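The values are calculated or read from the model by the stated rules, or taken from the named source; none is laboratory data. It should be emphasised that the depicted structure is a prediction, and the values quoted were computed from it without experimental measurement. Here the Cβ positions follow ideal geometry from the backbone for every residue, glycine too, while neighbour counts run over all protein chains shown.
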């Protein structure tokens, strides 16, 4: 089965609008606003991107997660265009849950490394990585297919591993302060329901033939 686009967002909005109050281009809404009081991702009107500006009293490296509402198949992916600077401040995510569990993907400027992360109640663990200096602005994505978790750039796999910790959840974003402009843009999320399979299709056909009196012909 092909990927089905379920959600898209170019973050055109009034300045400093909370993400969970923002209306996306396609799909229902962003469904979660987590993190300490006063900590939230916002749409920055100056360049219509998703960012996480500084908030007084919120510790550095505090995570904020936002999921996309609705029902999602376990096989899912999301993509967005992100610049090199501040890349780690807005991370693409798959199979997020209400406990801040799931998987994330970003490029870290500190060590010039693409990082595929697992989040366990907000704590992060690197599960795969790939070194690259200065990737620039490009399309980035994360895909979850069974136990295979893959980080992509420009539509191609960059780092991949197997991890069966989280089998379900929703696509979304993970943000970290402080980033006030040039964040994520052109966000899209897809899923793919499990195929019925040839055996199931044939079984359905046989049942139909029996009902019509054609069994054995």
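Points worth noting:
- Counted residues, segment 133-152 - those being surrounded by fewer than 20 Cβ atoms within 10 Å (Cβ to Cβ) and either at pLDDT 95 or above or outside any loop (DSSP other than H, G, I, E, B) (or both): 6
- The residue of segment 89-98 that is surrounded by the most Cβ atoms within 10 Å (Cβ to Cβ), among those that are at pLDDT 80 or above and farther than 12 Å from residue 140 by Cα, is 94.
- Selection count, segment 99-127, where residues are within 18 Å of residue 152 (Cα to Cα) and surrounded by 20 or more Cβ atoms within 10 Å (Cβ to Cβ): 11
- Condition check for residue 73: surrounded by fewer than 18 Cβ atoms within 10 Å (Cβ to Cβ), under 20 Å from residue 160 (Cβ atoms), under 19 Å from the mean Cα position of the chain (by Cα) and modelled with pLDDT of 90 or more: yes
- Summed over segment 8-27, the residues that are part of a strand (DSSP E or B), touching a residue at least 24 places away in the same chain (Cβ under 8 Å) and under 21 Å from residue 79 (Cα atoms) give a count of 3.
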